[in-house]
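A short reminder: the numbers here are calculations on the coordinates, not readings from a lab. Not measured: the values here are computed from a predicted model. Neighbour counts are summed over all protein chains in view; Cβ atoms, including those assigned to glycine, are modelled from backbone coordinates with ideal geometry.
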Amino acid sequence: MSIFYCYIPLDAIAAEKTARDSGHALSPFLQSWEDELRRLAVENSSFPVNESARLDLARRLKAMPEYNIEECLLIIGSRFVELYLVAGTPAPSAVNGRAATFADFAKSFSYFLTGSNQEAVIQFFRSALGWMPNGEHDPAHVEAFRRAYTLASEHKLAGLALSRLFQRALWLYEKVRLETEFFRHPNTVEEVLLEVAGKIFGEFKARALLFVGSNDQLPHLVKIFQQAGIGHLYFALTGSEKPEAAGSGQIINSWHEVSQLPAFDLLLLFDQAGRNIITRAYLQKLMAARQHGPLLLADLTAEEPPAEMAKMYNLFYFRRHDLEGLVEQNAPARRQVDAEVTGWIRDEVREFYHWLNSADRFHFGSMVGRSPQMQQVFELIARIAQTDITVIIEGESGTGKELVARAIHQASSRARRPFIAVNCGALPENLLESELFGHVRGAFTGAVSNNPGLFEQANGGTIFLDEIGEMSPALQVKLLRFLQDGEIKRVGSNAVLKLDVRVLAATNRHLQTLVHDGKFRSDLYYRLNVIGIKLPPLRERPEDIEILAEHFVRKFAGRMRKTIAALPPEVLQRLRQYAWPGNVRELENVMERAVALTGNTTLEVADLPAHLRDAASSTGSTSRLPLREIERQYILDVVNACNDNYDEAAKVLGIGRTTLWRKLKNYAADNGDFNS
């Protein structure tokens, strides 16, 4: 597999500073690619570019006949275009009998900045941070990057490699945002100006900005102040031409007279014609009309301003030279942060190639999946892991809710601190309260010493509350208090303990229904459900069955010191035909049993449980049963196999004993199938 990228400044395309103008020879396809980009750059001055045009161009790139391109990501930002291509081994050309290479492709694009493999992966992570190859930082490019990937993923232009890179890029972005000043160190005159204005005025929503004149900086400044939320934009023209950026605000024709000006708080001066008007006398009139309210005046002309432009009360006056000096002051700290982030990017590149060359390419933490549903779950985990927000994980029993919780913890800054998992449905209410919050000596019969609870043991780390829907109303109140204030009290004590614990919760029940029925507090539900992750059942992602089965075979074969070859087609057929009411946990148990029973180097249908061996003949009836009935049959089979040992059955099913007992009572109430 090879990865290639090229980087193109849009102004170069629009100005036709490209290969054709330098006499560079291009294939007909690459010439059409250049022509299409030029058209997009000229005709779409406001970005994002029309999605259908972007998709059409990306599809044409992916379908290039000379290369075996498997994935394509085309990013068209406000200032830069980036193209990432992932290719397998290309077929030999019918023309010269040899396979086309990325070196050939890069040669065709040599008039643009190009790179391949590790260099391309490095730039992918930089692009996710808005860190362009020319060293500029473009925050707007981050949005374009994410929008482009979402589009490529939805239309199947992005595959496994780009998906993995994107997930890690999201994680890296959050790490950089939370642990460094990367996004807060002004790196350009424009960024410094925005920072200065923010320190003077705070929020920009109620502020107005007047641009006097125009130069190449104007469009970029308009964009960054718009992104900062400026309330109003005014443009005073000093020449006959109207700059395109002026379309985003109001033109002021009579700006020479102070009395005719609208109220504004920032004045940016771009050319000598404007400076000739804005003299010291003009500013004195302007400040008097403003009753000497704060005014930021930035002179962005290249020439040194005259001495008479001295500061006066509440006039914050900055020359270009002053702003450039502030940029230089930030440079040492900026270089230090850049070096730290560069090191993290190199680590990510190494990890990516380790993943690419491993047999576990469908893994995310301890989870396995290549289906679009699971890739979306992995992406969401990457987005939220670095934060401390509360997460509720919903899914049927056996879908891997605890694995999601562990993946979130392991990808967070708390990874080296404790991860405590507790099943709220496995203990009676009085024991669960003591288990979670601890107790003091004498709190109840048998409390012979002080005992810290699981929340205290998880201090600095993460606690995972499985089957949260089984928690009693009294415990819900205590949990709500912790989520609001970070405080707990041990059972039998009035002392308040302040703790730092991230809470992750999971349920196989529909919490909104429980809230509606009055069995779960609505305020606690909304506190828990800051971010919700819904895990799909295994029957809804059949493309994951094979890779999960092979993963479990490798796992248990290694543990049992057996050599098992790839699963034969007839075994895979039985696995695909089964409905898997117990989800991934049931599949894991089935594969462990098969590996343990087989005496061969290849698993056979005979090694599968009877209900799977008969899956082909029963598909017509079982697969059409309601899900509740399939689950009922599975639970009753497990209970019978465990000789009515509910503790053992609950452990096999991966649910709490209370949950198992409730389900069995419901089955008995329905039709008496189970003698309760």
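With neighbours defined as other Cβ atoms within 10 Å of a residue's Cβ, the residues 313, 578, 667 order from fewest to most as 313, 667, 578.
A DSSP coil position with no more than 10 other Cβ atoms inside 10 Å describes the following GluC sites (Glu not before Pro) in the stretch 208-301: 241, 257. Within the stretch 189-326, the ratio Rg/Rh, alpha carbon atoms throughout and Rh by Kirkwood, equals 0.91.
With a simple spin-label model that places each label point 7 Å from the Cα along the Cα-to-Cβ direction, the separation between residue 645 and residue 333 comes to 6.3 nm. With a Förster radius of 25 Å applied to the beta-carbon distance between residue 156 and residue 366, the computed FRET efficiency rounds to 0.40.
When 285, 199 are sorted by how many other C-beta atoms sit within 10 angstrom of their C-beta, beginning with the fewest, the order is 199, 285. With a ≥ b ≥ c the root eigenvalues of the C-alpha gyration tensor of the stretch 188-237, is it rounded (a/c under 1.5), prolate (a/b larger than b/c) or oblate? Oblate. Counting other Cβ atoms within 10 Å as a rough exposure proxy, the listed residues 367, 1 run 1, 367 from fewest neighbours to most. Listed values for the stretch 175-181 are Karplus-derived 3J(HN,Hα) couplings in whole Hz (6.51 cos²θ - 1.76 cosθ + 1.60, θ = phi - 60°), namely 5, 5, 5, 8, 10, 9, 9, and x replaces Gly and Pro. With 22 Å as the limit, the listed pairs 401/663; 199/223; 401/555; 175/205; 175/555; 478/498 have 175/205; 175/555 beyond it between alpha carbons. Under conditions of 25 °C and 0.890 mPa s, the stretch 115-240 yields 145 µm² s⁻¹ as its translational diffusion coefficient, taking Rh as the Kirkwood radius over Cα pairs in the Stokes-Einstein equation.
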